[in-house]
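Asks: Submitted below is the structure of interest, expressed as structure tokens.
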Amino acid sequence: MKDSSKRRGSAASPCAACKLLRRRCAQDCVFAPHFPADEPHKFACVHKVFGASNINKMLQELEEHERGDAVRSMVYEAKARVRDPVYGCVGAISSLQQQIDDLQTQLALTQAQLVRMQMHAHNYHTQH
């Protein structure tokens, strides 16, 4: 049947989600296209943070073409939550924003120093 070729897993090789949940991987498994058997860590991390039932509900509420992006977002957030249980990806974003602010300040100081040096060089050349 052609429908079976659309799914990465099969009854003999369940997707990472069904394998972790110890259940039969059905032909229409919502997890299979996004959590292949060769990436068990991906589902394990998302499952730890969101739970299988919530992941299933979120994916079921989306159009098929939106699910890949949703899974990538869940994986990103889950990994961030594992690293920083309190702030998750917000902590990472805040840290990166602080780095940007610091670098912008450093750039502004360097540009001001460059202008001063150029003015000093210009004044030196006009006097000599």
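Asks: If only one of 75, 30 is within 26 Å of residue 91 (Cβ to Cβ), touching a helix residue (DSSP H, G or I) at 6+ places or on another chain (Cβ under 8 Å) and not charged (D, E, K, R), which one is it?
Replies: That would be 75, the only listed residue that is within 26 Å of residue 91 (Cβ to Cβ), touching a helix residue (DSSP H, G or I) at 6+ places or on another chain (Cβ under 8 Å) and not charged (D, E, K, R).
Asks: Among the candidates 25, 29, 89, single out the residue that is free of Cβ contacts under 8 Å to residues at least 60 places away in the same chain and not in a loop (DSSP other than H, G, I, E, B).
Replies: Result: 89 is the single residue among 25, 29, 89 that is free of Cβ contacts under 8 Å to residues at least 60 places away in the same chain and not in a loop (DSSP other than H, G, I, E, B).
Asks: Moving on. Checking the condition loosely packed, with under 12 Cβ neighbours inside 10 Å, assigned by TED's automatic domain parsing to the domain that holds residue 22 and closer than 30 Å to residue 22 by Cα, which residue from 39, 63 passes?
Replies: Testing whether each residue is loosely packed, with under 12 Cβ neighbours inside 10 Å, assigned by TED's automatic domain parsing to the domain that holds residue 22 and closer than 30 Å to residue 22 by Cα leaves just 63.
Asks: Moving on. Being on the phi > 0 side of the Ramachandran plot and either surrounded by 10 or more Cβ atoms within 10 Å (Cβ to Cβ) or not in a loop (DSSP other than H, G, I, E, B) (or both), is that true of even one residue in region 99-115?
Replies: Checked against the condition, which is being on the phi > 0 side of the Ramachandran plot and either surrounded by 10 or more Cβ atoms within 10 Å (Cβ to Cβ) or not in a loop (DSSP other than H, G, I, E, B) (or both), region 99-115 yields no hits at all.
Asks: Further, regarding this structure: Do we find a residue being among the β-branched types (Val, Ile, Thr), within 17 Å of residue 16 (Cβ to Cβ) and surrounded by 12 or more Cβ atoms within 10 Å (Cβ to Cβ) anywhere in region 72-92?
Replies: Yes, some residue in region 72-92 is among the β-branched types (Val, Ile, Thr), within 17 Å of residue 16 (Cβ to Cβ) and surrounded by 12 or more Cβ atoms within 10 Å (Cβ to Cβ).
Asks: Related question: On the given criteria, is residue 47 at pLDDT 95 or above, in contact with a Leu (Cβ under 7 Å, 6 or more places away or on another chain) and not acidic (Asp, Glu)?
Replies: yes
The values are calculated or read from the model by the stated rules, or taken from the named source; none is laboratory data. These figures come from a predicted structure and were not determined experimentally. In this analysis, Cβ positions are derived from the backbone assuming ideal geometry, glycine residues included, and neighbour counts consider all displayed protein chains.
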